[in-house]
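Only the coordinates and a few stated rules stand behind these numbers; no lab work does. These figures come from a predicted structure and were not determined experimentally. Backbone-built Cβ (ideal geometry, glycine too); neighbour counts: all protein chains shown.
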Amino acid sequence: MLELKNLSFGYEPQHLILKNISLQLGNNHQHVIGLIGPNGSGKSTLFLNLVGVLRPTSGQIIVDGQPVKYHKHNLQALRQKIGIVFQDSDQQLFYSIVQDDVAFALNNLKYDTTEIQRRVQEVLEELDIWPLRKSPIQYLSGGQKKRVAIAGILVLQSEWLLLDEPTAGLDPDGRKRMAQLISHLVARGQKIILSSHDMDFMYDVCDYFYLLNAGQIIAEGTKKTVFTNQQLLENNKLEQPWLVKLHQKLGLPLYNNAQELFDQHDSM
Amino acid sequence: MLELKNLSFGYEPQHLILKNISLQLGNNHQHVIGLIGPNGSGKSTLFLNLVGVLRPTSGQIIVDGQPVKYHKHNLQALRQKIGIVFQDSDQQLFYSIVQDDVAFALNNLKYDTTEIQRRVQEVLEELDIWPLRKSPIQYLSGGQKKRVAIAGILVLQSEWLLLDEPTAGLDPDGRKRMAQLISHLVARGQKIILSSHDMDFMYDVCDYFYLLNAGQIIAEGTKKTVFTNQQLLENNKLEQPWLVKLHQKLGLPLYNNAQELFDQHDSM
Amino acid sequence: MLSIDKYAYSNRWAEWSPLTKAGIWLGLMILAFQPLLWLKFSMLVCVAIITVRITQVSWRQYVKWFYAILPFLFLSILGIVFTVSQQKQDLLIACHLGQTYFGLSKTMLPVGAKIGIQAFSAIIGTYWFALSTPFTQIISLLHRLHLPDNLIEITMLMYRFIFIFIESCEQIYHAQKLRFGYDTIGLTLHSSGILAQMLFQQVIVNYRKMELALAAKLYDGEFRIS
Amino acid sequence: MQFKKILKTLLAITGAMIFFLLAFPTRVQAMHIMEGMLPPSWCINWYVISAPFFIYGLYRLQKIIQSSQKNAKVMLALCGAFVFVLSSLKLPSVTGSCSHPTGVGLGTVMFGPGVMSVIGVIVLLFQALLLAHGGLTTLGANEFSMTIIGPIVGFLVYKLCRRFKVNRSVSIFLCAMLADWSTYITTAFQLAIVFPDPHAGVMAALIKFLGIFAITQIPLAIAEGLLTVIVYNLVISN
């Protein structure tokens, strides 16, 4: 379980980017947690605080009951517990060959070669990029690079996976495959925290939401609580997913995802 | 009117990226033309051919009845007729202050200062960024940068405006404002060609579509013709916009945009 | 832009051991430098044909790679054979200025021709190597030569980063060109300056983002190379 | 303001040079000595001559990596990639065709000549294998001219200019221009030693090669000097 207690952060103390944030992540009913908010609301900064790259100006992060300490050793442990994949794939791939890059983090932890090979193969197969293992990264598509970047973190087998804008730049097919990948990971027990501007995607994929704006948690709750509040979303420059709009404006039932709606209709 | 006649392009002649493309852009009923297709289908390459950065391996581009010639003088004229805004704003903003950057093209063309000032003011006001004219670009949001990039092309008052992924990286509010901006530009006579992975956005904004895949035009037509063909879209790794899905799966009428659907329902 | 790199990964001999290929390259260099002209010449022809066959590059593209260096070769050889002399009979195509003659030296012409053929065969040999050996194999070669780790790690990272920079370089260049930034010599210089400065800014931007990614991947100061 | 005047004069000189060059049908390029141009003994000689500088550069590199934080390698590689891309940049129409700045001046200003000798070798390796410029057997010779003589000259010129309180922009201009130019003068030397004139010996050959390389490179050196100043000022102003 991850807990933030009165966390504030600012590069300069008088300009806080995150303001007194308290939240608990990883209660029983939460598997994929969505972080939504307009540009500049502090989502990425919150992520960087969570993985210990940025250090809170005040307040605490508590992981499994233990407050995070900022010594090298503790940080290493933290980052094995919480992995993060950033938005831009190019800036997180350092080797030229897919399998070398995916093995990078394990090499840094000095795992032995057979274990590294085993884990790399496992992850590449899981992400459906095993055939690319020897490909040069510079000739991959955006969606493929994204998968390699995710693989490079998944090999750590961290309990938590933070994904910052995982669908940015992906085409409709890539977006669909990303949604499938996330459900697959969740099904095998991975806990995920997501941030994205794509409300329809977020609505489909996440089961609990935090709405962040101007560095504060404005609202939290299940998809129904957060997204049916049209006024709240508008005030925070967000939009309702179309399933919610249909529910509210056309009086259809509120479905959890598009599949559900169309399945319902097919069976009628 | 823009016309492509049997246009093929490849960096190496044996690997064509665009294959024998023929199309006519700018017939009477077309104001916003949408170019859709999965990643790597050749959309950006087609754009670069249209503005004369890349030279077709075979075939011709015909502008207002005249085949494009690749001499410096002709290219200059072509680029005043067809302006392009690329996806990544950061790679097309050259100065640190907004108004300097917007004036770049006019300065290069040696327009006189009062004319430059007049045009820059006009465009900044039109795009609603006049208050930002003296702001440093590095502190603008993604949506604002996008507007500055568009302003830098609009000052040329070109007949055609090509927009490559105009909503990439924008939050829901930025996306909505981009749609408004496009309708505004169209209303005052600007002809626009758009490419984007956001099918809902494209469906809302464009009135004629070309579907590109593997360098070939697979289909063309109005939004109704192209998007009601589910099989076609699936074969080309695209998705149906949700308005079309509702029409086909739930039997609702096919609305042109979300506004229309909800207005219809409010008035009932 | 780096089309050679693409062929290096996709050619038919890409999987061959880099040591074998390095050995063949060395052999080709010896053939290029040995004195027999006919041997140089036949090596040149054979290797060119082999290169084109295994990479399936078009002859047109293959010849294009020579365009950039031909002027240099030509100028160098001109420098070798051009001379001044008091005696007209030393020279071919002599013209005189006062009592001295300018022209092509009869003794140096064969030398120039020999150097020309030698350079050509050596270049063709190296092109074969460059076109058939993926850069990752070069890295492993450097590793086997026991060069310092720091050097190899930086080479490896540079290779990866070059592609990031080339992509943004092309994007910036196109955007400038389409806004008439390269229409005159003055503008070209100015725009090139902006281009270089923007690329330099990307050094910083990339570095900041990479720092974060390195932290996430538990980087401990060493990029291991197998 | 005085600087602007100097800049204008320089632009005028560049213009004149370009006109001069356009009168000759040669394509001017940033030139490395090509594969096969030097006999094996000289290839080895240049490798040996360059080696101490290279080793010193490695030593400096080691120091930087050890003294600063652990991400220094990534920074150095980013800068190296930047120099490579800059050196493969075509500057169209500066000399009527294409030219490539060497990027040496900027690199020298950024890191000093020591580290530049290592980064330069990697850049030369990439140029030989990815761009088909230069060569592997001649790498030692090109290293000597481009990454040893060029940066040292540039560095000394810069220090000297600063000592005599020359304006910073002018110092950088001279540093970059002379770094570039001295590279080609060295190239001329290297060729002259190997291919002496049959009648008048090494000195005459040197004059010939200087005529060919050093003079044709003047406008490119000036262009590179100006470019470096523009970049430097833009970087400073931000």
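What value, in deg cm²/dmol to 500, does the helix sum -39500 (n - 2.57) over DSSP H runs of n ≥ 4 give at 222 nm once divided by the residues of the protein assembly as shown?
-17500 deg cm²/dmol
Just to check, using Stokes-Einstein with a Kirkwood Rh over alpha carbon pairs, what's the diffusion coefficient of the range A:52-197 at 20 °C and 1.002 mPa s in µm²/s?
134 µm²/s
Within chain A, what percent of beta bridges assigned by DSSP are antiparallel, to the nearest 5?
55 percent
Could you tell me which residue out of A:77, A:103, A:136 lies farthest along the dipole of the range A:69-140 toward its positive end? Charges go on the beta carbon: Lys and Arg +1, Asp and Glu -1, centred on the Cα centre.
Farthest towards the positive end: A:77.
I'd like the Karplus ³J(HN,Hα) series for the range C:60-69: coefficients 6.51, -1.76, 1.60, θ = phi - 60°, whole numbers in Hz, and an x wherever there's a Gly or Pro.
Along the range C:60-69, the couplings run 4, 5, 4, 5, 4, 4, 8, 3, 5, 9 Hz.
Classify the protein assembly as shown as rounded, prolate or oblate from the Cα gyration tensor: take a ≥ b ≥ c as the square roots of its eigenvalues, call it rounded if a/c is under 1.5, otherwise prolate when a/b beats b/c and oblate if not.
Prolate is the answer for the protein assembly as shown, as a/c is 1.5 or above and a/b outweighs b/c.
Which of C:38, D:42, B:130 comes first, and how do the rest follow, when ranked by fewest Cβ neighbours within 10 Å?
Taking fewest neighbouring Cβ atoms as first place, the list is C:38, B:130, D:42.
Please report, in whole Å³, the volume per residue of the convex hull around the C-alpha atoms of the range C:1-107.
Convex hull of Cα atoms, per residue: 141 Å³.
Which whole-number percent is the relative contact order of chain C (Cα, under 8 Å, 6+ apart)?
Once normalised by length, the contact order is 24 percent.
Sorted from fewest to most neighbouring beta carbons within 10 Å, what does the list C:169, D:161 look like?
D:161, C:169
Give me, ordered by chain and number, the residues 5 or more places off residue D:32 or on other chains with an amide H under 5 Å from its own placed amide H.
Result for residue D:32 returns D:134.
Between the range A:119-171 and the range B:91-106, how far is it from one alpha carbon centroid to the other, in angstrom?
Comparing the Cα centres of the range A:119-171 and the range B:91-106, I get a distance of 37 Å.
Please state the charge dipole magnitude for the protein assembly as shown, taken about the Cα centre, from unit charges on C-beta atoms (+1 on K and R, -1 on D and E), reported in debye and rounded to the nearest 20.
Its charge dipole is roughly 2640 debye.
Whole-Hz ³J(HN,Hα) for each residue in the range A:166-177, computed from phi via Karplus 6.51 cos²θ - 1.76 cosθ + 1.60 with θ = phi - 60°, x for glycine and proline: what do you get?
My calculation for the range A:166-177 gives x, 9, 4, x, 7, 7, x, 5, x, 5, 5, 5 Hz in order.
Quick one: compute the contact order of the range A:45-136, relative version, from alpha carbon pairs under 8 angstrom and 6+ residues apart, as a percent.
Once normalised by length, the contact order is 21 percent.
Take peptide A:176-183, look around each residue's Cβ out to 10 angstrom, count Cβ atoms belonging to other protein chains, and average those counts.
Shielding by partners across A:176-183 averages 0.
Under 5 Å between amide hydrogens, which residues at least 5 positions from residue B:97 or on another chain qualify, with H placed 1.01 Å from N in the peptide plane?
So residue B:97 has HN proximity to B:137.
Between the range A:38-75 and the range D:219-238, how many Å separate their Cα centres?
With the range A:38-75 and the range D:219-238 each reduced to a Cα centre, they are spaced 42 Å.
Just flag the chymotrypsin sites (Phe, Trp or Tyr not before Pro) in the range A:1-79 sitting in loop per DSSP whose Cβ has no more than 13 other Cβ atoms within 10 Å.
A:11, A:70
Output the antiparallel fraction of DSSP beta bridges having both residues in the protein assembly as shown, as a percent to the nearest 5.
60 percent
At residue A:179 and residue D:44, where each label point lies 7 Å from the Cα along Cα→Cβ, what is the point-to-point distance in nanometres?
If labels sit at residue A:179 and residue D:44, their model points lie 6.8 nm apart.
Under 5 Å between amide H atoms, partner at least 5 residues away or on a different chain: which partners does residue B:219 have, H built in plane at 1.01 Å?
The list, which skips near neighbours in sequence, is B:211.
Apply 1/(1 + (r/R0)^6) to the Cβ-Cβ distance of residue C:146 and residue B:69, taking R0 = 35 Å, and write down the FRET efficiency to the nearest 0.05.
0.05
Order by neighbour count: D:63, C:209, fewest other Cβ atoms within 10 Å first, most last.
The fewest-first ordering by Cβ neighbours comes to D:63, C:209.
Residue by residue through the range B:95-105, which ³J(HN,Hα) values in whole Hz follow from phi under the Karplus form 6.51 cos²θ - 1.76 cosθ + 1.60 (θ = phi - 60°), with glycine and proline marked x?
For the range B:95-105, the Karplus-derived couplings read 10, 8, 10, 3, 5, 5, 5, 4, 7, 3, 5 Hz, x marking Gly and Pro.
Mind checking C:33-39 for the average number of partner chain beta-carbons within 10 Å of each residue's beta-carbon?
1
Treating only the Cβ of Lys, Arg, Asp and Glu as charged (+1, +1, -1, -1), what charge dipole size does the range C:3-138 show about its Cα centre? Round to the nearest 20 debye.
220 debye
What is the percent of Cα-Cα separations in chain A that go past 31 Å?
29 percent
Mean separation of Cα pairs under 8 Å and 6+ residues apart, divided by the residue count of chain A: what relative contact order is that in percent?
Here the relative contact order equals 23 percent.
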